[in-house]
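Worksheet: the structure to be examined is printed underneath.
The values are calculated or read from the model by the stated rules, or taken from the named source; none is laboratory data. Computed from a prediction, not measured in an experiment: that's the story for all the values here. No Cβ is skipped: glycine too gets one built from the backbone with ideal geometry, and neighbour counts run over all protein chains shown.
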Amino acid sequence: MNWLDIVILIVISIFAFLGLKRGLIKEIISIFAIIGGILAGVIFYSSLGDIIIKSNFIKNEAIASVCGFILIMFFTFVLIKLIGYVLTKIVGTLKLNWFNRICGGCFGTIKGVIISFLIIAALGFFLSEKEPPFKNSFFVPYIKESLSILKEIIPDEFDENLQKARKLIQEKGIKAAIKEVQKVKETYLEKNGKEKESKK
């Protein structure tokens, strides 16, 4: 067991403990609250922005839209959290709290494994798989195997670009990778600009 294994063990243990403490309902509600808040903000921010402008509270359209997004996201987040609180209380009265907590611990463990995988993936941009942290790790092979299903979901083109970026960072450093991204961005903007001009 090396330092990377210790980090993975700490991450999984923390998420498992938090899941056990909060319970499954709160764990799931937390995710839904964040996703739901963002989605609601994206869908309804312009409508609330218009209301804010008409009320003469804020006259700048951009600022009104941003405020609309933040307000909708916040209230949606709070509303979903309140629903989770009520559901947790109901489960408690049904004497299913122990089941809720055990399931929460399992869910938290899965979250910990996913976070550990992201840490491994991030380190993979800077370290080769032959380096000691990966080569001598006890947990890394198991985590990669348990989340191998993600490779089936990720498009081949995205995976290829990811591998190219990883190779570039390892060989030439992160600055070279940033320059490459800027080149791709400039090419895309130039191409997009030409397409718009041709449509006119």
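Within segment 66-106, take every residue that is touching a helix residue (DSSP H, G or I) at 6+ places or on another chain (Cβ under 9 Å) and of a type in the set (Lys, Arg) and give me the one that is nearest to Lys21 (Cα to Cα).
Checking each candidate, the answer is Arg101.
Please enumerate the residues belonging to segment 113-146 that are at pLDDT 75 or above, outside any helix (DSSP H, G or I) and surrounded by 14 or more Cβ atoms within 10 Å (Cβ to Cβ).
Result: Ser137, Phe139.
Between Ile8, Ile14, Ile38, Ile28, which is loosely packed, with under 15 Cβ neighbours inside 10 Å, in the same structural domain as Leu87 (by the TED database), in contact (Cβ under 8 Å) with a residue 12 or more places away in the chain and in contact with a helix residue (DSSP H, G or I) (Cβ under 8 Å, 6 or more places away or on another chain)?
Step by step, each of Ile8, Ile14, Ile38, Ile28 is checked, and only Ile14 is loosely packed, with under 15 Cβ neighbours inside 10 Å, in the same structural domain as Leu87 (by the TED database), in contact (Cβ under 8 Å) with a residue 12 or more places away in the chain and in contact with a helix residue (DSSP H, G or I) (Cβ under 8 Å, 6 or more places away or on another chain).
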